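This report concerns only the one structure given below.
The values are calculated or read from the model by the stated rules, or taken from the named source; none is laboratory data. Remember, predicted model here, so these are calculated numbers, not experimental data. Cβ sites come from the backbone with ideal geometry, for glycine too, and all protein chains shown count toward neighbours.
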Amino acid sequence: MASGIFLAALLLAAVFSIATTPLVASAQESGGMRGTTSKGTLDILLEPTWEENGRATFRVSFLNPGTNTLHEHQDYDFRILKDGVQVFSAAQQTGQVLIHNVEGTITVPYTFQENGDYTIQVFLGGTGIAPPIPTEEEVEFTVTVVPEFPVGIVGVAIASMMAGSLVFARWFSRR
């Protein structure tokens, strides 16, 4: 009987540890998000990679509509907004209005300063090269940054639950 209670406690601990595994943002689980720019010029694939302490890296692929084929040569800006207010602009970081991309993919690092809902906006100013064809459109993605649970706290919680279940099992077996 005690081994059954121990197994139940172990299962409960496993479920608890899975439920408290750090989830930095809702987009992390999906492996990526895809959207079409507001005028339909390109599809944008946004693939976030989440790290500790709110750090993220966003891989952005500019794709021909309805395909997985990279589109070359875009003038763009990668922006992050919180509550409708811009908190980051890749173009501003470089001192430019727009950035020109040749290969069709970019990687943008960013560290979120606080938890909450954010909008990732990829602004497409134009496509092609000298002179670019103006498009003036965007696509938006929503991510939610949530608190991380330190591994130490999860370990202590699991150990406490296991110790408590052992005490309960011994008490129950003596009855």
Which of the residues that make up the stretch 38-65 are modelled with pLDDT under 95 and either under 14 Å from V122 (Cβ atoms) or not in a strand (DSSP E or B) (or both)?
-> E51, E52, N53, G54
Strands (runs of 3 or more DSSP E) enclosed by the stretch 88-170 - at least 2 residues per element that are at pLDDT below 95 and either under 14 Å from the mean Cα position of the chain (by Cα) or among the aromatic types (F, W, Y) (or both) = 133-145
Qualifying positions in the stretch 70-104 - exposed (fewer than 15 other Cβ atoms within 10 Å of the Cβ), within 15 Å of G126 (Cα to Cα) and polar (S, T, N, Q) | Q96
